[in-house]
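Remarks on the structure that follows.
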Amino acid sequence: MITPRVPRPNIREFDFLVVGSGVAGLFTALHLAERGNVAVVTKDDLTESNTEYAQGGIAVALGQDDAPEDHGRDTLEAGAGLCDPEAVRVLTSEGPGAVETLMGLGMRFDRSGGELVRGREAAHGRRRILHASGDETGHEVERCLARRASVHPSIEIFEHALMTDLLVVEGRCVGVDALLVPDAQRVRFVASVTVLATGGLGQIYEVTTNPLVTTGDGMAAAWRAGCRLMDMEFVQFHPTALYHEGSPKFLISEAVRGEGAVLRNAAGEHFMPDWHPQGDLAPRDVVARAVFSQMRSDGRKYVELDFSSIPLERFLSRFPGIVAELRRQGFDIYRERVPVAPAAHYAMAGIATDLQARTHLPGLLAVGECTCSGLHGANRLASNSMLEGLVFGLRAAQKAAEMPRLSYEQLGVAAELAPPPVRVAAPAIRGELQRLMQSHVGMERDGEALREAQEQLQAWTRGIAVVPAASREEAETANMVTVARLVIEAALARTESRGAHFRADFPAADPAWQRHLVLHAEEGGGAAVEFTPVESPFG
Ligand code: SIN
């Protein structure tokens, strides 16, 4: 327990600090709370995260006809040769226990006759996706964990508190600086162990399923603090976001295809069997690219999803959230096919971590979508991400408990420091950046477009200012510029196509490229590229 001698109103001290409040953050926080006091710092409402919108569910080998090894094989296959096999073994073998723990916290998955119902999604060899309230699994997980965290006596929650930077003293992370958004008040959170669980970066794209909070804050802060980022070129596009005006795009879960829905082109043809033996249930990168290519040859901005083969009663009960949204958007779900198009959905990219959630910065752990352990390879298997949050959240809490508990003075922050500056970029460039990433660094890339985007991002990077006060939007935009630049650097460096990364100028996978790409900051702000083996990529 850290106890300051003098109360400092703008400095809050905890044993553990968790930044972010999706499944990974809250699950970690609940386990840390058994070992000390915990602050959860989150920049929006507690439940606003990618988890809240996850439809499909949690993939886990719990059925009699299933085994972790089978789940592992499917994960490796989808990952296009880039998954760390040990990370996959950890996920799939520890997954059942982590899900039981979640159920022990009160999570109720859908059941039939007392048995858990298991859904099917793309590239899974069997039914193994647990879901809740039909297609509202993420919302139910988030509600369960938020309810527990909110009443836990050892957890204090700080909503609308934006982390502006990691606090590093003598090469060790000792907490974070944050901006309390409503009144732009500065707060310094100090802790022996900080855990980043800040989620993904979908908002750097114009077309994304991700909510507005996904601006890559944790990745950008970790980068500024000297952490390494890995596989930044791999951003997964989901093939079936509803084609409609506005952002974020509404997701139509892969589980719909798991129940029999099929994709059709402008001529009404079922085109996926021409692309892959698994047809509509091929790995996500394959389906997304097929849809993209079909849209191009049809000269349309969408293809159509036909769920007429799913009995209506079943469709209504299994997908109540999707039905409600389609009705809200004016679709006649009894008669119409629905227009869908790919949208940026998930970052396999992130802060390099080992299998205990350690980053390269002492005192800093990271879990969930903001990380890259090599688990997902070049293309994440559907519904493996909430499971990752659970398994690695538990592992992070165990690791944090073993780490030294340091006093306030030992952490070296006793001296009052001047209010920390914040890195900001003009919010007006946000839309321009999203459009540029969509057109130049989207599902199909080539060297020329990437270099053009790189030049623009370098200019925006030079425009990032370090100022004493700032708004959330300005700080987020600076983070988006930082992570977008790193996605481009990595996409330029990987001169092959693999998983979610498709280079039109290098359209084939190259065995020589079966390795991870690690970025670290150079003096002067550049990004140096290193390569690490598929196995144990953290080094
Ligand atoms: C979906 O429900 O299709 C998305 C699931 C996921 O991204 O894992």
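The values are calculated or read from the model by the stated rules, or taken from the named source; none is laboratory data. This one's a predicted model, so the numbers in the text were calculated from it and none came from an experiment. Positions of Cβ are backbone-derived with ideal geometry, glycine not excepted, and every protein chain shown enters the neighbour counts. Protein only, heavy atoms only, side chains kept; ligands, DNA and RNA dropped before computing areas. Shrake-Rupley method; radii C 1.70, N 1.55, O 1.52, S 1.80 Å.
Would you be able to say whether some residue in the stretch 3-14 is open to solvent by less than 30 Å² (accessible area, probe 1.4 Å) and within 21 Å of Glu369 (Cβ to Cβ)?
No, every residue in the stretch 3-14 fails to be open to solvent by less than 30 Å² (accessible area, probe 1.4 Å) and within 21 Å of Glu369 (Cβ to Cβ).
When Ala397 is evaluated against the numbered criteria (1) within 15 Å of the ligand (Cβ to nearest atom); (2) farther than 23 Å from Arg127 by Cβ, which criterion, by number, is the only one it fails?
(1)
Among the candidates Glu86, Glu100, single out the residue that is open to solvent by 30 Å² or more (accessible area, probe 1.4 Å), in contact with a Leu (Cβ under 7 Å, 6 or more places away or on another chain) and among the charged types (D, E, K, R).
Glu86
Would you be able to say whether some residue in the stretch 453-466 is without any contact (Cβ under 8 Å) to a residue 60 or more places away in the chain, more than 30 Å from Val286 (Cα to Cα), open to solvent by less than 60 Å² (accessible area, probe 1.4 Å) and touching a strand residue (DSSP E or B) at 6+ places or on another chain (Cβ under 8 Å)?
yes
How many residues does the stretch 134-163 contain that are of a type outside the set (A, V, I, L, M) and within 16 Å of the ligand (Cβ to nearest atom)? Walk me through it before giving the result.
Restricting attention to the stretch 134-163, the residues satisfying the condition of being of a type outside the set (A, V, I, L, M) are 134-140, 142-144, 147-148, 150, 152-154, 156, 158-160.
Those still in the list that are within 16 Å of the ligand (Cβ to nearest atom) too: 134-140, 142.
Qualifying residue count, the stretch 134-163: 8.
Taking only the stretch 450-502 into account, find how many residues are more than 15 Å from Asp217 (Cα to Cα), part of a helix (DSSP H, G or I) and among the hydrophobic types (A, V, I, L, M, F, W, C).
Adding up the residues that qualify gives 10.
Quick test of your reading of the structure: Leu390 fulfils all but one of (1) away from the ligand (no atom under 16 Å from the Cβ); (2) part of a helix (DSSP H, G or I). Name the failing condition by number.
Condition not satisfied by Leu390: (1).
When the stretch 182-211 is examined, which residues are found to be assigned to a loop (DSSP other than H, G, I, E, B) and crowded, with 24+ Cβ neighbours inside 10 Å?
Those that are assigned to a loop (DSSP other than H, G, I, E, B) and crowded, with 24+ Cβ neighbours inside 10 Å: Ala197, Thr198, Gly199, Gly200, Leu201, Tyr205, Thr209, Asn210.
Among (1) small (Gly, Ala, Ser); (2) within 16 Å of the ligand (Cβ to nearest atom); (3) open to solvent by less than 20 Å² (accessible area, probe 1.4 Å), where does Ala39 come up short?
Looking at each condition in turn, Ala39 falls short on (2).
Among the numbered conditions (1) closer than 21 Å to Val534 by Cα; (2) touching a His at 6+ places or on another chain (Cβ under 7 Å), tell me where Glu388 comes up short.
(2)
Among the residues of the stretch 62-83, which ones are open to solvent by less than 10 Å² (accessible area, probe 1.4 Å) and more than 16 Å from the ligand (Cβ to nearest atom)?
Across the stretch 62-83, the qualifying residues are Gly72, Leu82.
For (1) hydroxyl-bearing (Ser, Thr, Tyr); (2) modelled with pLDDT of 95 or more, each residue gets a yes or a no:
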site: Glu402; (1), (2): no, yes
site: Tyr408; (1), (2): yes, no
site: Ala418; (1), (2): no, no
site: Pro421; (1), (2): no, no
site: Ala426; (1), (2): no, no
site: Ser439; (1), (2): yes, yes
site: Arg451; (1), (2): no, yes
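Of (1) under 30 Å from Leu167 (Cβ atoms); (2) within 16 Å of the ligand (Cβ to nearest atom); (3) open to solvent by 20 Å² or more (accessible area, probe 1.4 Å), Thr214 satisfies all except one. Which?
(3)
Restricting the first residue to the stretch 75-94 and requiring it to be free of Cβ contacts under 8 Å to residues at least 24 places away in the same chain, which pairs with a second residue that is crowded, with 17+ Cβ neighbours inside 10 Å meet a Cβ separation below 9 Å and a spacing of at least six or different chains?
What qualifies is Arg89/Pro68; Arg89/Gly72.
Being open to solvent by 10 Å² or more (accessible area, probe 1.4 Å), away from the ligand (no atom under 16 Å from the Cβ) and among the small types (Gly, Ala, Ser), is that true of even one residue in the stretch 223-233?
Within the stretch 223-233, one or more residues are open to solvent by 10 Å² or more (accessible area, probe 1.4 Å), away from the ligand (no atom under 16 Å from the Cβ) and among the small types (Gly, Ala, Ser).
Which numbered condition in (1) without any contact (Cβ under 8 Å) to a residue 24 or more places away in the chain; (2) farther than 24 Å from Tyr243 by Cα; (3) within 15 Å of the ligand (Cβ to nearest atom) is the only one that His376 fails?
It fails just one condition, (1).
Residues are listed down the side, and each one gets a yes or a no for (1) on the phi > 0 side of the Ramachandran plot; (2) of a type in the set (Ser, Thr, Tyr); (3) open to solvent by less than 10 Å² (accessible area, probe 1.4 Å):
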{"position": "Leu105", "(1), (2), (3)": "no, no, no"}
{"position": "Gly113", "(1), (2), (3)": "yes, no, no"}
{"position": "Glu121", "(1), (2), (3)": "no, no, yes"}
{"position": "Arg126", "(1), (2), (3)": "no, no, no"}
{"position": "Glu136", "(1), (2), (3)": "no, no, no"}
{"position": "Ile155", "(1), (2), (3)": "no, no, no"}
{"position": "Leu166", "(1), (2), (3)": "no, no, no"}
{"position": "Val169", "(1), (2), (3)": "no, no, no"}
{"position": "Arg172", "(1), (2), (3)": "no, no, no"}
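Among the residues of the stretch 325-339, which ones are touching a Lys or Arg at 6+ places or on another chain (Cβ under 9 Å) and touching a residue at least 60 places away in the same chain (Cβ under 8 Å)?
The answer is Arg337, Pro339.
Of all helices (runs of 4 or more DSSP H) completely enclosed by the stretch 1-103, which ones contain at least 3 residues that are under 25 Å from Gly125 (Cβ atoms) and more than 22 Å from the chain's Cα centre (by Cα)?
68-78
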